[in-house]
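The values are calculated or read from the model by the stated rules, or taken from the named source; none is laboratory data. These numbers come from a predicted model, not from an experiment. Glycine also receives a Cβ, built like all others from the backbone with ideal geometry; neighbour counts cover every protein chain displayed.
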């Protein structure tokens, strides 16, 4: 059975810091929906195992910015499921919790090409590979990882995406320096200004290309 044969709805988990949610993140969501996802579940992490620092903005603000950045996308769900548990946020625990609360359908996990090589090191990878597939979002600056190990090749679906040159780190640095920050939806920018976010020069971690920095 291929990924496209699986029962619907096709639910794709898109995890990350989203600190802040920017237009690069939105582009990933759009690519996933265009690929065929019925629902995209944005799941802000309490803290990714890939990152030493906690996010720069409070959890409630990160959730709100995700809502604001996808307000016109009815197929998007925003979940605080990782924020209800102690950090760090592991994909296998997130998936189990989502499946308990939202049974049915088929699940994918969105990752960037840069995470594919380390996929087998994720916590409880054998459990994950039996429970879901991975939607690998293209990185225009990275060639596809080939050949893939047999344990991964059979559970990967590739998602094309146009380049989107926005970085959460660069956005936070610009905001901390009172410089214009490119890549923010106006509603997100207004929220950041209204709540004084990212003015502290001690910046939190940056999101990866897909934001999927959970293992």
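Select from the stretch 164-179 the residues that are surrounded by 12 or more Cβ atoms within 10 Å (Cβ to Cβ) and under 29 Å from residue 107 (Cα atoms) and write down the one among them that is modelled with the lowest pLDDT. Filtering the stretch 164-179 for residues that are surrounded by 12 or more Cβ atoms within 10 Å (Cβ to Cβ) and under 29 Å from residue 107 (Cα atoms), the one modelled with the lowest pLDDT comes out as 164.
Answer with yes or no whether residue 20 is surrounded by 16 or more Cβ atoms within 10 Å (Cβ to Cβ) and part of a loop (DSSP other than H, G, I, E, B). For residue 20, the condition - surrounded by 16 or more Cβ atoms within 10 Å (Cβ to Cβ) and part of a loop (DSSP other than H, G, I, E, B) - is met. The residue that is farthest from residue 104 (Cα to Cα), counting only those in the stretch 137-147 that are in a loop (DSSP other than H, G, I, E, B) and within 17 Å of the chain's Cα centre (by Cα), is 139.
Yes/no matrix, rows are residues, columns are (1) more than 15 Å from residue 119 (Cβ to Cβ); (2) touching a helix residue (DSSP H, G or I) at 6+ places or on another chain (Cβ under 8 Å); (3) not in a helix (DSSP H, G or I):
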site	(1), (2), (3)
151	no, yes, no
163	yes, no, yes
166	yes, yes, yes
172	yes, no, no
182	yes, yes, yes
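Within the stretch 38-59, the set of residues being modelled with pLDDT of 90 or more and closer than 16 Å to residue 112 by Cβ comprises 40, 42, 43, 45.
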